[in-house]
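A short worksheet on the structure shown next.
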Amino acid sequence: MKEKILIHVCCGICAIKTIEFLRAEYQIVGYWYNPNIQPYAEYRMRVQTAGYVFQRSGEKIEWNLNYDVIDWLNLTLSVAKDKARRCAICYEMRLEAAAQFARNAGIKIFTTTMFSSIHQDIETIKKKGVSIAKKHNLQFLPLDLRQYQQETKNIALKWHLYRQRYCGCLFSELERENIK
Ligand code: SF4
């Protein structure tokens with residue numbers, strides 16, 4: 001019997017290759033938690049896409065649909081213009097929730113679909129994941145699936161998936177539009 005792994009899911013498209021890469025070795029349990037996605041209509045679109053990807057893959061996903069956007073803003077607002085610090089807090093909030101879920105579910109190892117994105121700071125995610133895992137007596141699995149970006153994009157087009165134009169938070173949308 002394969003060992004279970006909890007995959008924190010940031011979006012359905014990033015989950016495609018993560019599932020494919022891990023499914024031979026692990027029994028996959030997805031875990032959705034993203035109070036960083038703004039506005040709420042965008043959040044709902046991404047939930048729907050992640051649901052479709054997991055349904056299509058036949059893998060299980062657990063939904064934490066608490067839209068803790070006020071907590072997220074309280075944590076990040078003071079550093080909103082400092083992308084590196086803001087993202088580090090954002091990674092930590094989501095990985096912490098994933099680790100707590102994994103521990104309570106008796107799953108010993110966890111990772112995140114954020115390792116599929118060329119827009120994320122992989123090294124910071126690794127550091128945060130390892131330190132959170134240590135706190136909860138878990139193991140964090142670092143990955144680097146950025147090389148599959150184009151392939152993933154092609155699959156998303158083929159499956160007619162909704163593709164977001166910015167990372168998630170309002171600040172990332174402003175950055176994309178170059179609004180200072
Ligand atoms: S840019 Fe993305 S990772 Fe960074 S704070 Fe915004 S939602 Fe979080």
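Out of residues 5 or more away from ILE61 or on other chains, whose amide H comes under 5 Å of its own, with H placed 1.01 Å from N in the peptide plane?
Here GLY30 satisfy the definition.
Between LEU77 and ILE155, what is 0.36 nm times their sequence separation minus the Cα-Cα distance? Round to one decimal in nm.
Additional length available on full extension: 24.6 nm.
Which whole-Hz couplings ³J(HN,Hα) result when phi for each residue of region 164-180 is put into the Karplus expression 6.51 cos²θ - 1.76 cosθ + 1.60, θ = phi - 60°, listed in order with x for Gly and Pro?
Once rounded to whole Hz, the list reads 6, 9, 8, 4, x, 7, 4, 5, 5, 5, 4, 4, 4, 7, 6, 9, 8.
If Lys and Arg each add +1 and Asp and Glu each add -1, what is the summed charge of the other residues whose beta carbon sits under 11 Å from the beta carbon of TYR148? The partial results should precede the final answer.
Numbers: positive: LYS17, ARG146, LYS153; negative: GLU20, ASP144, GLU151.
So the environment of TYR148 carries a net charge of 0.
Rank by packing, highest mean first: peptides 90-100, 58-68, 165-175, 10-20, with packing defined as the count of other Cβ atoms within 10 Å averaged across residues.
10-20, 90-100, 165-175, 58-68
So which of LYS17/LYS158; LYS17/LYS134; LYS128/LYS153; LYS83/LYS153 end up more than 20 Å apart, counting from Cα to Cα?
Checking Cα-Cα distances, LYS17/LYS134; LYS128/LYS153; LYS83/LYS153 exceed 20 Å.
Region 70-148 to region 1-45: how many Å between their Cα centroids?
Region 70-148 and region 1-45 have Cα centres separated by 13 Å.
How large is log10 I(q)/I(0) at q = 0.12 Å⁻¹ when the Debye formula is applied to the Cα atoms of region 3-176, each weighted equally and without solvent?
So the normalised log intensities work out to -0.50.
Specify the residue with the greatest mean-square fluctuation among ASP121, ASP144, ASP71, computed from a Gaussian network of the chain linking alpha-carbon atoms under 10 Å apart.
ASP71
Could you order peptides 39-47, 104-112 by the average number of other Cβ atoms within 10 Å of their residues, highest first?
On the way: 39-47: 14.6, 104-112: 17.9.
Peptide ranking by packing, descending: 104-112, 39-47.
For the chain, calculate the relative contact order in percent as a whole number, restricting contacts to Cα pairs under 8 Å that are 6 or more residues apart. Please list the in-between numbers first.
Details: 252 pairs, mean separation 50.8, N = 180.
For the chain, the relative contact order is 28 percent.
Throw me the Rg/Rh for region 89-180, computed over C-alpha atoms with Kirkwood Rh, two decimals.
Result for region 89-180 is an Rg/Rh of 1.03.
Which one of VAL69, GLN27, SER172 is farthest out on the positive end of the charge dipole of the chain, using unit charges on Cβ (Lys, Arg +1; Asp, Glu -1) and the Cα centre as origin?
Comparing the listed Cα positions along the dipole, GLN27 ranks first.
What full-extension length gain, to one decimal in nm, is calculated for LYS108 and LYS60 as 0.36 nm per residue of separation minus the Cα-Cα distance?
Numbers: separation 48, 0.36 × 48 = 17.28 nm, distance 1.66 nm.
That pair, LYS108 and LYS60, stretches by 15.6 nm at full extension.
Treat every Asp and Glu Cβ in region 1-69 as -1 and every Lys and Arg Cβ as +1, leave all other atoms uncharged, and give the resulting dipole magnitude about the Cα centre to the nearest 20 debye.
Here region 1-69 has a charge dipole of around 160 debye.
Taking the Cα centre of region 3-176 as the origin and placing charges on Cβ (Lys, Arg +1; Asp, Glu -1), which of GLY106, TYR43, ILE118 is farthest toward the positive end of the dipole?
Farthest towards the positive pole: ILE118.
If each residue of separation counts as 0.36 nm, what is the full-extension length gain between LYS135 and GLN27 once their alpha-carbon separation is subtracted?
Numbers: separation 108, 0.36 × 108 = 38.88 nm, distance 2.34 nm.
Stretched fully, the LYS135-GLN27 segment lengthens by 36.5 nm.
Which ³J(HN,Hα) values in Hz, rounded to whole numbers, follow from the phi angles of region 60-68 under the Karplus curve 6.51 cos²θ - 1.76 cosθ + 1.60, where θ = phi - 60° and Gly and Pro get x?
Running phi through 6.51 cos²θ - 1.76 cosθ + 1.60 with θ = phi - 60° gives 8, 9, 9, 10, 9, 9, 5, 8, 7 Hz.
A short reminder: the numbers here are calculations on the coordinates, not readings from a lab. What you see is a predicted model, and the numbers here were worked out from it, not measured in a lab. Backbone-built Cβ (ideal geometry, glycine too); neighbour counts: all protein chains shown.
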